[in-house]
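Novice: Below is the structure I would like to discuss, written out as structure tokens.
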Amino acid sequence: MHPAIAIIKDEIHRIQISYGEIANKSGIPLNRLRNMLTGRTPVSLEERDLICSAIGVSPVNIVIRRGDLAESSDYLDLSWMPEGCESY
């Protein structure tokens, strides 16, 4: 499973929102959403952004939390930025 999807799933469980509610808010069909969140179907950046918007999380925060990027010299740590500075 892609690291970003694992983080999104953790956030979904943390805020206790149903897949049905996410599907309604995002416009992504429920079956496709389930397949994406179980790793059966790839997720486009647009779909990732729709899911993030539906659960109220900035896609920037998903990228910042990816542990696989933290070890990269190309990674820019923006976690010090105050809340509200990221854009959707």
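The values are calculated or read from the model by the stated rules, or taken from the named source; none is laboratory data. Just so you know, these numbers come straight off a predicted model, no measurement behind them. Note: ideal-geometry Cβ built from the backbone for every residue, glycine included; neighbour counts use all protein chains shown.
Novice: Which pairs do you get when a residue that is at positive phi and in a loop (DSSP other than H, G, I, E, B), found in the stretch 15-32, comes within reach of a residue that is of a type outside the set (Ser, Thr, Tyr) and surrounded by 12 or more Cβ atoms within 10 Å (Cβ to Cβ), reach meaning Cβ atoms under 8 angstrom, with the pair 6+ apart or on two chains?
Specialist: Matching pairs, first to second residue: GLY27/LEU50.
Novice: A further question on this structure: The conditions are (1) assigned to a loop (DSSP other than H, G, I, E, B); (2) at pLDDT below 95, and ILE7 fails exactly one of them. Which is it?
Specialist: (1)
Novice: Next up: For residues that are of a type in the set (Gly, Ala, Ser) and surrounded by 15 or more Cβ atoms within 10 Å (Cβ to Cβ), tally how many sit in the stretch 11-34. Break it down into steps so the answer makes sense when it comes.
Specialist: Within the stretch 11-34, the first condition is being of a type in the set (Gly, Ala, Ser), and the residues that meet it are 18, 20, 23, 26-27.
With the extra rule that they be surrounded by 15 or more Cβ atoms within 10 Å (Cβ to Cβ), the set shrinks to 23, 26.
Selection size over the stretch 11-34: 2.
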